[in-house]
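Reviewing the structure listed below.
The values are calculated or read from the model by the stated rules, or taken from the named source; none is laboratory data. Because the structure is predicted, anything quoted here is derived from the model rather than measured. So basically every Cβ, Gly included, is an ideal-geometry build from the backbone, and we count neighbours across all protein chains shown. Heads up: the accessible areas ignore ligands, DNA and RNA and are worked out on the full protein's heavy atoms, side chains in. Shrake-Rupley method; radii C 1.70, N 1.55, O 1.52, S 1.80 Å.
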Amino acid sequence: MTLRFVNLFWPLLALGAVPLLVHLFARTRPPALRFSSVLFLRRVARHTMRMRKPRDLLVLLLRTLAALALVFMVLRPILFADARWLSPGARRNVVLVVDRSASMACNEGGRTRFAAACAEASEVLNGLTAADTANVVWLDARPRPVFPDMGVNRGFLRETLRKARVSTQAGAADEALRMAVRLLARAEGRKEVHVLSDFQEATWRSCAPDLPPDVAFYAIAIAQGEPANVAVADVRTKPVTGLPGEPVDVLIDVANHGDVPRRLDLFLSFGGARRRRDVLVPARETVTALFRQSPAARGEVLVTAALDIDEDGLTDDNRRYHVLPVREHLAVGLPEEHITAMPELVRALRALDWVQILPLPASLDAASEAPDVAFLLDVPAHDARRRQLLERGTTVLWQPPAGTSLASIDGLAGAEDGAAALQSGRDFRLRVVDRDDPALHLFRDARYGDPAAGTVRERLNLPRPRGGAGAVLMEYEDGVPAVVRLKGARQQILWNLPLGAERGDVARQVTFVPFIGELLRSHRLRAGRALAGLAFTAGDRLQRRFPGVHPVEEIRLHDSSHAAVDLQAAAGAGAASVFLTPDAPPLGAYTWHEKAAVLGYSVVNFPPAESDLRTLGRDRIESLGARGIADAATLHILHNGREIWHILLAVAALSLFTEALALFAFERR
Amino acid sequence: MSGTRFKYLRPEDIRRLQSYEFAPRIFAEGYLSGRHRSRHRGSSIEFRDYRQYVPGDDLALVDWRVFARTDRHYLRTFEQETNMECHIFLDSSASMGFRHNDLSKLEYASFFAAALAWLVVRHGDRVSLQVFDDQIRHFSPPGSTQRHLHTLMHVLEDNAPGNPTSIANALRRSHPLLTRRGTLVVVSDFLDDAGAVFSALSPYLHRGFRIHLVHLLTPGELDLRSAGLHTFIDMETGERVVAHAGQIREAYRQAMQDHIGGLRAAAARRRVDYCLATIDTHHYRLFDRFSQ
């Protein structure tokens, strides 16, 4: 801390010695009292004199303190908390990083955190002089500045702050700080970044700002507490795509970010059907509610989960949307060469009326439709289609050809060296290993036969997967795996079950068709591709690809209130049309129309991480590199100092009052 | 007497004093025939005995009839029936001017002395008055007439606090003035050295005086009732002592009690009557005490 004086006249300090002089030259003259004899008084008065000394010292101290306080008050001292701010000529360049992520919509004390942040930002701007420059960077999913460069038009910035609204997006703190540093790169003078944020843990936890040493980072923490908040954290279906009439599990995650358990009414809207359920969510926990629904027809079903709650930290996260694609058929991809080479498999697939065989060309382009499940039998590991399909979320049943390096087979890498050797010359019998797997669940009792019936005369001698890399569903009697569900982010089944008539009779067994059907139904697409173009997070622009040619003037996008949303056409690949919104639309469900027909839905959801309103502690904020954590008024004092004359006046008054009290107390004794 | 008004002897005082009867314990002996029987032989009308003449005896007492019959000189002795002599010693030092509720100790002592003198004269006894400070400022020889009483009243009214106290000095100087033994009543604040006072009283005790010490103090002198810091100015010496009454009150009270205790103990050892009185009580209370 440093003191500066406006009226610098040091001789005034000599006045501080006045009480001492008064004390020395004008000793207290108590009132005279004529007494009959001081004979006895004189004997005991020595004790009194001993008591008077500390009292006199105390009075002298208080009077001197009062005099000095008054003298310093006349000198008009200004207290600076930081000596770096004592360069009055330096121009200040201030970038205000104002957090407007979704958590800033939290209402505290009758106003949102965002409104408080804007007010504090205006206060910072008010503390700047005409020579200073400023800019505002909005901190949301895609941070951007108000001015392209540092500017002096603070009035416009204040007006922008006044009109600004909080977003429903997540916050990209690192990007916002990088942008602030870029804005300050060419500035001359003092460089300051003021971050006005609630410092929500989810946003700032992983933030590691790399600020140049000449840039001062000041944190203005807006949050006043950590209000309780509940949210619909996720809505998903199992399976991801539905078939008409097939039961679909709708799984809804409800998160309680408060410190007390909450009992909530959870509403589900599945197409036109509505259901309600009581949900008890423990404190700081997430529970999953299960609804089982059956789509009636092909198309897309809009699924909405909502919480009915009166008081909540955030309200935008109490509703969440999901789109369930319902197909007429399950698309099963087969390489074009398989269709003729594997009649047993084709015949089995065609026996399933809800399966549509989708021929896979030798090379898949981006526009070609990806199947739900694909059989890639005797396809080399380096085949591009397998990688492409896996990337698109397709479940791939892959049978590597003989001689394939074991290291190139997912799930077997590291198990053994060498290649997949072909074994033949005898009959290999099968057996079921995991009867609890969804694909084999139907065959747990003997009513539907044994899916492992039949023998195989030629197979690959594969090692068993190790370390939990895969689950063996079916194996040969000697332990060689026949069907292995590989674990991982992508859905892949290692197939070691030759289907040709010359390689065995498995495909001719009566249980083969139901086994294939159950395998396809239970291991079809789980996640990813089906929601591409359907579900978005706040801050994203809506984009939808429709097969075929659709003129942009015929495609309309309506929000939940049936208001039209601006659209623009993007370059589509192949025979497809791509449309997107020019801006990130608000949260909600959007309906795509072509003339009167509903083409589908797209939903914009609340970023789940924003629901947790916990904030960083002071030490964590300081660890980000902040030199000071304060409010705008404090920062104003940091820059302009604080006049403390009124404090000195209070000290003087208090000293005199204390002296009077002390004297009164002494006199009373 | 009833037609004259004195400052220290008011008609209402006289009316009240008329009801007092004093025990012979106080009033011991006088030289006139009176109501007080003395153990000493003297001149009187009641014959007591004969004794042989020795040179120096008053020839007027020789019984010449016996000489005529026996040719020896015998003296006639008579039972002496005396009146009492009361000697009032009134301290008029400066400290006696200390007041309490507009009444100084000297005024209080004057009221007491006037009443006592009236009582003594009323019973036909003799009373003397000595006003002293560090020396004898006035001495009125014993007398029992109304005129003498008036003189004493005037002396009291004209009296004022004077110099520093020296009771011992005054007692020593008074000793030759009292030719006959009697009752000595010393009214003072006794702000003096107790040892010196009783040393000066020793000749009186040796001569057989009955001595009564009336110690007068104000409540403020007993308890130091002043509050706060004061410069205490000694009324006798002018000495100044700055002290905080609140802080020294206990110690002062203890010192005063020690002094009173010393006086009381010394008086008890010498069979001297000691009476402490504060001037906020009426001086009749002192007579009540004497009447016991």
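See the values below:
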{"item": "Amide H within-cut-off set for A:Ser560, under 5 Å, with H built and near neighbours excluded", "result": "A:Ala589"}
{"item": "Reachable lysines, given that their alpha-carbon falls under 23 Å from the alpha-carbon of A:Lys487 and they are not under 8 places away in the same chain", "result": "A:Lys238"}
{"item": "Tensor-based shape of region B:101-161 (alpha-carbon gyration tensor, a/c under 1.5 rounded, otherwise prolate or oblate)", "result": "oblate"}
{"item": "Spatially proximal lysines relative to B:Lys7 (Cα-Cα < 17 Å; intrachain offsets below 8 disregarded)", "result": "B:Lys105"}
{"item": "For region A:408-538, accessible area per residue (1.4 Å probe, heavy atoms of protein chains only), Å²", "result": "44"}
{"item": "D_trans [Stokes-Einstein, Kirkwood Rh over alpha-carbon pairs] for region B:110-234, 37 °C, 0.692 mPa s, µm² s⁻¹", "result": "206"}
{"item": "DSSP H segments from chain A that extend 27 Å or more along their own axis, Cα-based, with Kyte-Doolittle mean of 0.0 or above", "result": "A:39-75, A:645-668"}
{"item": "Zero-based 10 Å bins, Cα pair distances in chain A, whole percents", "result": "3, 12, 16, 15, 15, 12, 8, 6, 5, 4, 3, 2, 1, 0, 0"}
{"item": "Square roots of 5 times each gyration tensor eigenvalue, C-alpha, region A:89-143, largest first, Å", "result": "25, 14, 5"}
{"item": "Spherically averaged projected area of region A:456-589 from its Cα convex hull (nm²)", "result": "13.2"}
{"item": "Considering only region A:120-267, percent of DSSP beta bridges that pair antiparallel, nearest 5", "result": "60"}
{"item": "Using a Förster distance of 41 Å, the FRET efficiency for A:Ala402-A:Asp445 (Cβ separation, nearest 0.05)", "result": "0.65"}
{"item": "Average beta-carbon neighbours from other chains, 10 Å sphere, peptide B:247-256", "result": "5"}
{"item": "Region B:159-285 - Rg (one decimal) and Dmax (whole number), Cα, Å", "result": "16.3, 51"}
{"item": "Segment A:His562-A:Glu328, extension gain: residue separation times 0.36 nm, minus the distance between their alpha carbons", "result": "81.5 nm"}
{"item": "Most fluctuating residue given options B:Ile260, B:Ile248, B:Ile211, as computed from a GNM of chain B linking Cα atoms under 10 Å", "result": "B:Ile248"}
{"item": "For chain B, built as a Gaussian network whose Cα springs stay under 10 Å, the top-fluctuating residue of B:Thr77, B:Thr183, B:Thr218", "result": "B:Thr77"}
{"item": "Reachable lysines, given that their alpha-carbon falls under 29 Å from the alpha-carbon of A:Lys163 and they are not under 8 places away in the same chain", "result": "A:Lys191"}
{"item": "FRET efficiency estimate (nearest 0.05) - Cβ-Cβ, B:Thr179 to B:Arg16, R0 41 angstrom", "result": "0.80"}
{"item": "Inter-chain Cβ neighbour average for residues B:190-199, partner chain, 10 Å", "result": "1"}
{"item": "Region B:156-208, Cα convex hull volume normalised per residue, Å³", "result": "100"}
{"item": "Å³ per residue enclosed by the Cα convex hull of chain B", "result": "143"}
{"item": "DSSP-defined beta bridges in region B:79-215 - what % are antiparallel, rounded to 5", "result": "30"}
{"item": "Cα-only radius of gyration and Dmax that characterise region A:143-222, units Å", "result": "13.2, 36"}
{"item": "For region A:550-601, alpha-carbon Rg over 2.2 N^0.38 Å", "result": "1.11"}
{"item": "Cα gyration tensor of region B:82-133 - equivalent ellipsoid semi-axes, whole Å, descending", "result": "25, 12, 4"}
{"item": "Mean residue ellipticity (222 nm) of chain B, computed from DSSP H runs ≥ 4 via -39,500 (n - 2.57), nearest 500", "result": "-11000 deg cm²/dmol"}
{"item": "Ordering of A:268-277, A:58-67 by packing [mean C-beta count within 10 Å, highest first]", "result": "A:58-67, A:268-277"}
{"item": "Average beta carbon contacts from partner chains per residue of B:221-231, 10 Å cutoff", "result": "4"}
{"item": "Cα-centre dipole for the protein assembly as shown with unit charges at Cβ (Lys and Arg positive, Asp and Glu negative), debye to 20", "result": "5180"}
{"item": "For the protein assembly as shown, share of DSSP beta bridges that run antiparallel, in % to the nearest 5", "result": "60"}
{"item": "Estimated inter-spin distance, A:Arg347 and A:Phe5, nm [label 7 Å along Cα→Cβ]", "result": "10.9"}
{"item": "Dipole of region B:148-292, positive end: most advanced residue of B:Ile233, B:Pro219, B:Gly246 [Cβ charges, Cα centre]", "result": "B:Pro219"}
{"item": "Cα-centre dipole for region A:467-598 with unit charges at Cβ (Lys and Arg positive, Asp and Glu negative), debye to 20", "result": "80"}
{"item": "Highest-MSF residue in chain B out of B:Val120, B:Val131, B:Val242 [GNM, Cα springs under 10 Å]", "result": "B:Val242"}
{"item": "For the pair B and A, total buried accessible area rounded to nearest 100 Å², probe 1.4 Å", "result": "2700"}
{"item": "Expected 222 nm ellipticity per residue - DSSP helices of 4 or more, -39500 (n - 2.57), all of chain A, to 500", "result": "-7500 deg cm²/dmol"}
